[in-house]
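Undergrad: Take a look at this one; I'll ask things after.
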Amino acid sequence: MEDILAGFDPAGAADWKAQLTKDLKGITFEQLRRIDDNGITIEPFYTIEDVADHDTKPVFAHTDWSIMERIVVNQEQDANKLALQTLATGASGLIFEVAAENTDWATLLNGVEVAYIHTFFNLRNATDASVEALTAYLKAHNAVQATIGHDTLSDYVQAKATAETFAAAVNRIAQSTGQLIVDGSLYYNAGSPSVYQLGLITAQVNEYLQALADSNALNTVKQLHVTVATGTVFFEEIAKVRALRQLLQLLTAQYDINPEIAIQAITGTLYKAPYDAYNNLLRDTLAGMAAVMGGSDAVYILPFDEGHSKGKEAFSRRMSVNTQLLFKEESYLHHIADVANGSYYLETLTAEMGTKGWDVFKEIEAAGGFIQSFNDGILTGKVAAQAADLLERYRNGSLVWIGMNKYPNQVDMPQPAPVPQHEQPGIYPLSLATII
C-alpha cells in the first residue's frame, strides 16, 4: 500500500515553533511560557523531543481503584449501620476513623464483607490489645485488603502527639502490623505547593524507615500506605500522584526493601468554598479524577459541603460516591492503567516534579531530617510563608476562586471568618474562607 505521508517532510519542534510565531503574528514560543507555583516552566506545547531523556514506562499497572467512604466511629452500632448503607450505595472501601482505646470490632463490622472490600482502620488511640483483637478478627475473616495503623508524625506536626508516641508507633509497626501508615494530606491543605508536598511526604516516610533501620526491623515492612490530598489544578495533580509513587519507589530502594506501595488520595479541603457549595461538586470532580488518573489505589472524595452540611450529610455523601461511579461507568477509567502514560506534557511534568520533590527531600535531610527540621522551625516557617503567599494571591485576585473572590454570592456572604489561632507552633490546614 502506498504511504500517503511519504511526500511530506517530518515536522520537528523547531518547525512547530516557527509556525506558531507565524500564525500569532510575531508572538514567540518563549513569550507563551509561564512559570507555575512549583517553579516549573510550562511550555506552550510539548513534543517527543521533550521526553527523549525521560523514562516513559508506565508508572503503575493497576486499572481499578477502591471508592472509599469515611466512617467516624463513636458508637459501634451506629457506625455499622452507616457502613452498610454506604456499601449499598456503591462504595467499595471504608475508612474507619477510630479514636477510642477499645472497640467492639464484631459489632462494628457485623455484616461488612471485609474479605471483598478495602478497609482502612485509622486507629488514633487504640491499645495493643485492641489492635491484636482487630488483627485476629480480620485474619479470621480473610480480610486481605485491610490496612491498620495511624500516622503519629502527622499528629506530631499538628501538636497532637509527642515524640514518645512516634517511638511507640515504630515499635508497633515492627512487632505487629507490618504496615507503615503515612498521612501527607495535611500539606496540601496547609497551602504548600505540590513539589514541597512531595518533599515533605518523602521525608516523613524516611523518618519511619530510618527509625526501623536503627532497630534492625526494616524487613518487617510489608506495605507502605501513603495518603495524599489532591486539588483542582488537574494536570499538576495527576503528575503529583504519579511522581509520588516514583519517589516512594526510589526511597525504599535506598533501603533495599520492596514493600507494596498503596496510595490513598483524599480530595483537599483547601479549595472547599463554604458558600455556593454546589460549585464544590465541580472542584471535587477535577480533584477526584486527577487522583484516579495519577494512579491512586483508593480515592475518597470529601462531601462537597464538608463542615457545612447542616444535618444533610446523606445527600453529599451519596454524591461523593456517585462522582466516582461516573468515573468508572461512564468514563471507563477502571479499564486502563496509567492513562497519562505517553503524554509528552504529563511525562515531562511528572519527571520535573519528581526531581524537584527529591531536591526538597534532600534539603530536609541535610537539615537533620523531618523531625529535627520541624523542631527547629524550618518546616513550619517554610509552610507558613507558602500559605501567606497563597492567601495574598487570593486576596488580591491574582488567583481566582469562583464564588469566593470572583462572582461572590452576596446573599450568602457573611462577615470574614477570624483567622484560626493555635497555641503551639505546627503545620495546620488553612481556612481560605478568612479571605472574604
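Undergrad: Could you compute the net charge surrounding A287? Neighbours are other residues with a C-beta less than 13 Å from the C-beta of A287; K and R count +1, D and E count -1.
TA: -1
Undergrad: Can you tell me the orientation of helix 234-254 relative to the chain, as the angle in degrees between its alpha-carbon axis and the longest Cα principal axis, to the nearest 10?
TA: Here the helix axis deviates by roughly 60 degrees.
Undergrad: Moving to a separate point now. By the scheme Lys and Arg +1, Asp and Glu -1, what is the net charge of all other residues having a beta-carbon under 14 Å from that of G178?
TA: Its environment carries a net charge of +1.
Undergrad: Also, quick follow-up: Tell me, what is the FRET efficiency for I378 and A167 to the nearest 0.05, using R0 = 22 angstrom and their Cβ-Cβ distance as r?
TA: 0.50
Undergrad: Give the distance, in whole Å, between the Cα centre of the range 1-76 and the Cα centre of the range 349-377.
TA: 26 Å
Undergrad: Could you list the residues of the range 129-147 with an amide nitrogen less than 11 Å from a label point located 7 Å from the Cα of N102 in the Cα-to-C-beta direction?
TA: Hits in the range 129-147 for N102 at 11 Å: 129-130.
Undergrad: In degrees, nearest 10, range 0 to 90: what is the angle between the Cα axis of helix 13-23 and the longest Cα principal axis of the chain?
TA: Compared with the principal axis, the helix lies near 70 degrees.
Undergrad: Continuing with this model, one more query. Between L24 and F315, what FRET efficiency follows from the Cβ-Cβ distance if R0 is 41 Å, with the result rounded to 0.05?
TA: Efficiency computed from Cβ-Cβ geometry: 0.30.
Undergrad: Hey, another quick one. Looking at the chain, I'd like the Rg to Rh ratio, where Rg is from alpha-carbon atoms and Rh is Kirkwood's inverse mean 1/r.
TA: 0.98
Undergrad: Also, quick follow-up: Based on the alpha carbon coordinates of the range 97-148, what radius of gyration and maximum Cα-Cα distance (Dmax) apply, in Å?
TA: Every Cα atom of the range 97-148 included, Rg and Dmax give 10.2, 27 Å.
Undergrad: First select every other residue whose beta carbon is under 13 angstrom from the beta carbon of R34; then total the charges, Lys and Arg +1, Asp and Glu -1.
TA: -4
Undergrad: Tell me, what is the percent relative contact order of the range 261-378, built from C-alpha pairs under 8 Å that lie six or more residues apart?
TA: Here the relative contact order equals 21 percent.
Undergrad: Follow-up question, since we're still on this one. Anyone know which of E236, E30, E76 comes out most mobile in the 10 Å Cα GNM of the chain?
TA: Its mean-square fluctuation being the largest, the pick is E30.
Undergrad: State, as an integer percentage, the relative contact order of the range 66-349 based on alpha-carbon contacts under 8 Å between residues 6 or more apart.
TA: Normalised by residue count, the contact order of the range 66-349 is 16 percent.
Undergrad: Sort L248, L325 so that the residue with the fewest other Cβ atoms within 10 Å of its own Cβ comes first and the one with the most comes last.
TA: L325, L248
Undergrad: Please check which bits of the range 337-365 a label hung off A13 would reach, taking the label as a point 7 Å along Cα-to-C-beta and the cut-off as backbone N under 17 Å.
TA: 342-353
Undergrad: What's the angle, to the nearest 10 degrees (0 to 90), between helix 378-395's Cα axis and the longest principal axis of the chain?
TA: Compared with the principal axis, the helix lies near 60 degrees.
Undergrad: Quick check on packing: order 396-402, 290-296, 124-130 by the mean number of other C-beta atoms within 10 Å, highest mean leading.
TA: Answer by packing, highest mean first, reads 290-296, 124-130, 396-402.
Undergrad: Between A159 and R395, take the C-beta separation as r, use R0 = 25 Å, and let me know the FRET efficiency to the nearest 0.05.
TA: That gives a FRET efficiency of 0.40.
Undergrad: Check each of the trypsin sites (Lys or Arg not before Pro) in the range 253-315 and keep only those in coil by DSSP with at most 16 other C-beta atoms within 10 angstrom; list them in order.
TA: Passing sites in the range 253-315 are K310, K312.
Undergrad: Given 0.36 nm per residue, what is the gain on full extension from I402 to T56 after removing their alpha carbon distance, in nm?
TA: Here the segment from I402 to T56 would lengthen by 121.0 nm.
Undergrad: Give me W16, W105 ranked fewest to most by other Cβ atoms within 10 Å of their Cβ, as a rough exposure proxy.
TA: Starting with the residue having the fewest Cβ neighbours, the order is W16, W105.
Throughout, read-outs are computed from the coordinates displayed, never taken from laboratory work. All values derive from a computational prediction rather than experimental measurement. Cβ: placed from backbone, ideal geometry, glycine included. Neighbour counts: every protein chain shown.
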